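Peer 1: Here it is, the structure in full.
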């Protein structure tokens, strides 16, 4: 009897627990539904407008002229007249090279000229001595001709020695290495006492009054860029590319705007990329040849819708949002999941919608995590 009482008590307790749990769940569901139905979702009515996109590419900076400075003679660096980063003028002395070979060649050329001059004088004297004898038939005309030929050969040898001396003097002058252009001195890896040859790069002089920023686009991206520009020829289209912004390696923005001035006519067969060049003014010398950065090119899009990114979510690599429509039965607002195509705007907070929506459409712009398709909601125009 006691066992039956315990068993009945157990069943009664279980039934009570189930009833309590069901009631709690039901109340919670009703509360959730009431909370959702009470929430007001902000919506945006779409109108077409113009948006500005930015295409960003890595760039390498170069001076409008970069001259590698190499000695024209072999030897040892005797003196270095400049320092790294110095501003130099065309013709200014940069290095002095101690070149024993050049000195030896100059001395040899001088000696050869003196010898050729002596031989020339001797040959002339022989002709002057033999000619009167030949005229009196004391010696044969053949002998006179022989001396005259020797005199002509001596004249040629003298002329050759003169040319060799001038060349040796010029080579000797190359021991002073001068700048071929106005510009800024780069690194100087070799100092006094280092042995150098005509293949050694002593430094680089960069003319950076205007700095070139080089970057690359693939063929598809280049075609897409040119299609948006006015002009019949490529030159006209290049001229209509908007001014570009240079982002320096430290994250700062260079204050001067640049202009794209050239597009390579050759496609790199390995990368499929085309090289472009933008010119940036550099009057203060802030930009250095060899530096890196990024270039930002603006692009206007007409007749697009601009929406906040928080109004969207991704679903199987698709960008989706909730469009608001009127329910045909009771004219209440209802949600419709809609797939759209977008382009991100530079601020990182908005999209430009290129397809999937029409002017006058309304979309939910906040709180989308609590929504589902075909959900009836209350809305407020933002």
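We did not get these values from a lab; they are worked out from the coordinates using the rules stated. Being a predicted model, the structure only gives us computed values, none of them experimental. As a convention, Cβ positions derive from the backbone with ideal geometry for all residues, glycine included, and neighbour counts pool all protein chains shown.
Peer 1: What is the order of 271, 200, fewest Cβ neighbours within 10 Å to most? Intermediate results must be reported in sequence, preceding the final value.
Peer 2: Numbers: 271 9, 200 15.
Fewest-to-most ranking of 271, 200: 271, 200.
Peer 1: Quick one: helix 141-173 against the long Cα principal axis of the chain, what's the angle to the nearest 10°, folded into 0 to 90?
Peer 2: 30
Peer 1: May I ask for the Rg/Rh ratio of the range 68-196, computed from Cα atoms with Rh as the Kirkwood radius, given to two decimals? List each step's numbers first, then the result.
Peer 2: Numbers: Rg = 24.2 Å, Rh = 18.1 Å.
With Rh from the inverse mean 1/r over Cα pairs, Rg/Rh is 1.34.
Peer 1: Given the range 157-301, report the % of alpha carbon pairs whose separation exceeds 28 Å.
Peer 2: More than 28 Å apart: 45 percent of the Cα pairs in the range 157-301.
Peer 1: Further, regarding this structure: Ranked highest first by average number of other Cβ atoms within 10 Å, how do 129-140, 312-323 line up? Write out the running numbers ahead of the final one.
Peer 2: Values: 129-140: 12.6, 312-323: 15.4.
Final packing ranking: 312-323, 129-140.
Peer 1: What does the highest-first list of 205-215, 244-254 look like by mean Cβ count within 10 Å? Could the numbers behind the result be given before it?
Peer 2: Values: 205-215: 21.3, 244-254: 14.6.
Descending packing order for the listed peptides: 205-215, 244-254.
Peer 1: Calculate, axis by axis, the spread of Cα positions in the range 121-162 along the three principal axes, and write the results as whole Å, longest axis first.
Peer 2: Each principal axis gives a Cα extent; for the range 121-162 these are 37, 15, 9 Å.
Peer 1: Give me 339, 238 ranked fewest to most by other Cβ atoms within 10 Å of their Cβ, as a rough exposure proxy.
Peer 2: Details: 339 12, 238 17.
By the 10 Å Cβ count, ascending: 339, 238.
Peer 1: Nearest 0.05, what FRET efficiency do residue 160 and residue 83 give at R0 = 41 Å with Cβ-Cβ as r? Write out the running numbers ahead of the final one.
Peer 2: Values: r = 44 Å, r/R0 = 1.07.
According to the calculation, E is roughly 0.40.
Peer 1: Something else about it: What would the Debye formula give as log10 I(q)/I(0) at q = 0.10, 0.14 Å⁻¹ for the alpha-carbon point model of the range 217-324, no solvent?
Peer 2: -0.45, -0.80
Peer 1: Extent of the range 135-198 along each principal axis, from alpha carbon coordinates, in Å, largest to smallest?
Peer 2: Dimensions of the range 135-198 along the principal axes of its Cα atoms: 77, 26, 13 Å.
Peer 1: Between the range 167-182 and the range 337-382, how many Å separate their Cα centres?
Peer 2: Each part's Cα centre sits 71 Å from the other's.
Peer 1: Please find, in a Gaussian network model of the chain (springs between Cα atoms separated by less than 10 Å), the residue of 278, 118, 109 whose mean-square fluctuation is greatest.
Peer 2: Taking springs between Cα atoms under 10 Å, the residue moving most is 118.
Peer 1: Turning to a different aspect of this structure: Over its Cα atoms, what ratio of radius of gyration to 2.2 N^0.38 Å does the range 244-382 give? Show your work: numbers first, answer last.
Peer 2: Details: Rg = 22.3 Å, N = 139, 2.2 N^0.38 = 14.3 Å.
Relative to the rule-of-thumb radius for its length, the range 244-382 sits at 1.55.
Peer 1: Now for a separate question. How far is it, in nm, from the label point at residue 262 to the one at residue 49 when both lie 7 Å from their Cα along the line to the Cβ?
Peer 2: 4.0
Peer 1: Follow-up question, since we're still on this one. On a 0 to 90 degree scale, rounded to 10, what angle separates helix 2-38 from the longest Cα axis of the chain?
Peer 2: Orientation of helix 2-38: about 60 degrees from the principal axis.
Peer 1: Here's another thing I want to ask about it. When the chain is modelled as a GNM with alpha-carbon springs shorter than 10 Å, which of 311, 273, 116 fluctuates the most?
Peer 2: 116
Peer 1: Just the Kirkwood number for the range 187-234, please: inverse of mean 1/r across all distinct Cα pairs, in Å, one decimal. Before the final figure, lay out each step's value.
Peer 2: On the way: mean 1/r = 0.0635 Å⁻¹.
Across the range 187-234, the inverse of the average 1/r is 15.7 Å.
Peer 1: Over the chain, what is the mean sequence separation of C-alpha contacts under 8 Å (at least six apart), divided by residue count, expressed as relative contact order in percent? The partial results should precede the final answer.
Peer 2: Numbers: 711 pairs, mean separation 99.4, N = 382.
Computed over the chain, the figure is 26 percent.
Peer 1: Suppose we keep just the alpha-carbon trace of the range 315-382; what are its Rg and Dmax in angstrom?
Peer 2: 12.8, 42
Peer 1: Moving on. What is the angle, in °, between the Cα long axis of helix 100-135 and the longest principal axis of the Cα atoms in the chain? Nearest 10 is fine, range 0 to 90.
Peer 2: 30
Peer 1: Two decimals is fine: what's Rg over Rh for the chain, C-alpha atoms, Kirkwood radius as Rh?
Peer 2: Details: Rg = 43.9 Å, Rh = 30.5 Å.
Taking Rh as the inverse mean 1/r over Cα pairs, Rg/Rh reads 1.44.
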